Amino acid sequence: MEAIKTNEQFEEIIAGSEPVIIKFYAGWCPDCTRMDMFIDEIIADYSQYRWFELNRDDFPDAAQKYDVMGIPSLLLFQDGEKLAHLHSANAKSPEEVRDYLQHLPV
């Protein structure tokens, strides 16, 4: 998963016509570390999406703009719009993440 380093990069990535999933996380977050243990296999199974990660502590404005209240959160973007949001409370297991991905609109 590629890390987003700047606000400009984030805006460019989400503005594209290709669907992308952004994982909002923080280095101090134990649930984020737990997700890292299983997310690579899921990314391989859902390769129709480009996957990125964004440290919400480094980009608080983006987290606020897209209602990221808990981490980790997975957000689907396409053409500059947030199309789906898996909130942290429902992102604690591989099964929950896979269920979210199976029901995405794109």
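Any read-out appearing in this document is the output of simple, stated calculations on the displayed coordinates, not a laboratory observation. Bear in mind the structure is a predicted one, so any value in this text is a computation, not a measurement.
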Would you please give the residues with an amide H less than 5 Å from that of residue 82, counting only those at least 5 places away or on a separate chain, with H modeled from the backbone geometry? none
Take the alpha carbon atoms of the chain, find their radius of gyration, then divide it by 2.2 N^0.38 Å using N residues; give the quotient. 0.96
Fully extended, how many nm does the chain gain between residue 3 and residue 85 (0.36 nm per residue separation, minus their Cα-Cα distance)? 27.7 nm
What does the extension gain come out to for residue 98 and residue 12, with contour length at 0.36 nm per residue minus their alpha carbon separation? 28.3 nm
Karplus ³J(HN,Hα) for segment 30-42 (6.51 cos²θ - 1.76 cosθ + 1.60, θ = phi - 60°; Hz, whole; x = Gly/Pro) runs x, 5, 5, 4, 4, 4, 4, 6, 10, 6, 4, 5, 5
What is the chain's relative contact order, in percent, from Cα pairs under 8 angstrom and six or more apart in sequence? 35
